[in-house]
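*Asks:* Got a structure here, written out as structure tokens. Questions coming.
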Amino acid sequence: MKLKLSFILIFLVLFSLSSQNFQLTPDTKISILTIGPGQSLNDAFGHNAFRIKDKSRGIDAVYGYGEYDFDAPNFYLKFARGKLNYLISRHNYSDFHNHYVSYNRTINEQVLNLTIEEKQRLFDYLETNYKPENRRYLYDFFYDNCATRIRDVANTVTNNDINFAVPKRFEPKTFRSLIHEHVSLNSWGSFGIDIALGSVIDKEATTSEYMFLPKYIHAFFDSAKINDSENLVKKSSVIFQKKEKEIPSNFLFSPLMIMGLLAVLILFITYKDFKNNTRSKWLDILLFGTTGVIGILLLLLWFATDHSATAQNYNVLWAVPLNIIVIAQLLKPQVKSWFKGYLKFLIIMLCLLTLHWIIGIQVFAIGLIPLLIALMVRYIFLIKFYNKA
């Protein structure tokens, strides 16, 4: 009986302690950690997190908003449809630090100039957010991610008293240009992004919208003021500086090279067909089938998902979804007259794409240039071939 009573008393004491708000001491240090880019595409943009350190309480924890919810049902389907929830994470600082050092990624720290009341509000906010029922949020790459959450939470706990001044050497840029700061124009990551994302990311980003990227959280917080008087950042330091390693050039396997070789092959076959007054049926079926399937996928990303950045994608001007339907005409010895008109329509679409690119409505992947030239030549050849027939 005494043993049972002891267990009950211990349980009540623990329950009482956990139900009370955990009070931070005045010496608590709250900072923003900015992690530099990694090698893989999903790490290419860096990461942000809050660090809360209270030596007196034995607290040194890191809270971030970039964790995948792998337990979500239909994970990959939700990811593709833009309906995937991300999680707030909480890690011991030493584990967090060691993880990014092991991957040779720079760690910057900015200690925030907050009052003890604001520190407490921030800590309580994060702890409340970390509860199982609150951890999930609907992720958006540009408007609600691990970086924008840092800005929004900081604004919330300071009652929107932060004034984010424009940093030095600031240049207005589009969302796509900001992405290209982190992924090379002639990389497969950039190639995929420039095909999948539409013209909506070719608009100029506002100063606030720059903060979808972790490095701009660091830059804007560094120049921010509280109540237009005090600096938001009290102290800034580099905790770990990545060791620079020479990365060998991989131009031979870059999009421009691979698409260039593919274009040369298409042009060579087209030349041979022209000289021999014949047509390589298999090539046309492959080109129309591939561009048609890509076009259908782009339309699905545009209209059938919640991804805000895949709308108004004019890559469908070269990857025309209708191409998949007209393949039947390519199998026939004689095509309908409307199909000749359709080939002229495809040429007009390529001209429109070029115009969109020149006047800045949408920027396309540079790796596409050789392929677009080859498609144009092939379509012109087909018109001449069918007219002769």
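*Asks:* Among (1) free of Cβ contacts under 8 Å to residues at least 12 places away in the same chain; (2) surrounded by fewer than 16 Cβ atoms within 10 Å (Cβ to Cβ), there is one condition His180 misses while meeting the rest; what is its number?
*Replies:* (2)
*Asks:* Something else about it: Which condition from (1) open to solvent by less than 100 Å² (accessible area, probe 1.4 Å); (2) not in a helix (DSSP H, G or I) is the one that Lys215 breaks?
*Replies:* (2)
*Asks:* Only one of (1) open to solvent by 80 Å² or more (accessible area, probe 1.4 Å); (2) assigned to a helix (DSSP H, G or I) fails for Ser249. Which number is that?
*Replies:* Ser249 satisfies every listed condition except (2).
*Asks:* Please work out which one of (1) open to solvent by 70 Å² or more (accessible area, probe 1.4 Å); (2) over 30 Å from Phe142 (Cα atoms); (3) in contact with a Gly (Cβ under 9 Å, 6 or more places away or on another chain); (4) of a type outside the set (Lys, Arg) is the condition Gln312 fails and give its number.
*Replies:* Going through (1) open to solvent by 70 Å² or more (accessible area, probe 1.4 Å); (2) over 30 Å from Phe142 (Cα atoms); (3) in contact with a Gly (Cβ under 9 Å, 6 or more places away or on another chain); (4) of a type outside the set (Lys, Arg) one by one, Gln312 breaks only (2).
*Asks:* Select, from Asp152, Asp161, Asp140, Asp144, the only residue that is among the acidic types (Asp, Glu), in contact (Cβ under 8 Å) with a residue 40 or more places away in the chain and either closer than 30 Å to Phe22 by Cβ or open to solvent by less than 20 Å² (accessible area, probe 1.4 Å) (or both).
*Replies:* Unique residue meeting the criteria: Asp161.
*Asks:* State whether the residues of the stretch 325-338 include one that is charged (D, E, K, R), open to solvent by 50 Å² or more (accessible area, probe 1.4 Å) and at pLDDT 95 or above. Walk me through it before giving the result.
*Replies:* Step one: of the stretch 325-338, the residues charged (D, E, K, R) are 332, 336.
Narrowing further to those that are open to solvent by 50 Å² or more (accessible area, probe 1.4 Å): 332, 336.
In the following step, the residues that additionally are at pLDDT 95 or above were identified as none.
No: zero hits.
*Asks:* Conditions: (1) farther than 30 Å from Arg176 by Cβ; (2) surrounded by 15 or more Cβ atoms within 10 Å (Cβ to Cβ). Glu230 meets all but one. Number of the miss?
*Replies:* (2)
*Asks:* Which one of these is more than 21 Å from Ser177 (Cβ to Cβ) and modelled with pLDDT of 95 or more: Phe268, Phe212?
*Replies:* On the way: Phe212 fails: more than 21 Å from Ser177 (Cβ to Cβ).
After ruling out the rest, the residue left standing is Phe268.
*Asks:* Filter the stretch 79-124 down to the residues that are within 24 Å of the chain's Cα centre (by Cα) and in a helix (DSSP H, G or I) and list them by number.
*Replies:* The answer is Phe79, Ala80, Arg81, Phe96, His97, His99, Tyr100, Val101, Ser102.
*Asks:* From the list Gly367, Gly341, Gly360, Gly295, which one is of a type in the set (Gly, Ala, Ser), open to solvent by 20 Å² or more (accessible area, probe 1.4 Å) and under 30 Å from His180 (Cβ atoms)?
*Replies:* The unique qualifying residue is Gly360.
*Asks:* Okay, moving on. What's the total number of residues in the stretch 186-200 that are under 24 Å from Thr34 (Cα atoms) and either in contact with a strand residue (DSSP E or B) (Cβ under 9 Å, 6 or more places away or on another chain) or not hydroxyl-bearing (Ser, Thr, Tyr) (or both)?
*Replies:* Residues that pass the stated criteria total 2.
*Asks:* Take the residues in the stretch 80-103 that are closer than 30 Å to Leu197 by Cα and surrounded by fewer than 17 Cβ atoms within 10 Å (Cβ to Cβ); name whichever of them is modelled with the lowest pLDDT.
*Replies:* Restricting to residues being closer than 30 Å to Leu197 by Cα and surrounded by fewer than 17 Cβ atoms within 10 Å (Cβ to Cβ), the top hit is Ala80.
The values are calculated or read from the model by the stated rules, or taken from the named source; none is laboratory data. This structure is a prediction, so every number in the text was calculated from the model and none was measured. Heads up, the Cβs are rebuilt from the backbone with ideal geometry, glycines too, and the neighbour counts pull from every protein chain shown. Only protein heavy atoms, including side chains, enter the accessible area calculation; ligands, DNA and RNA are left aside. Shrake-Rupley method; radii C 1.70, N 1.55, O 1.52, S 1.80 Å.
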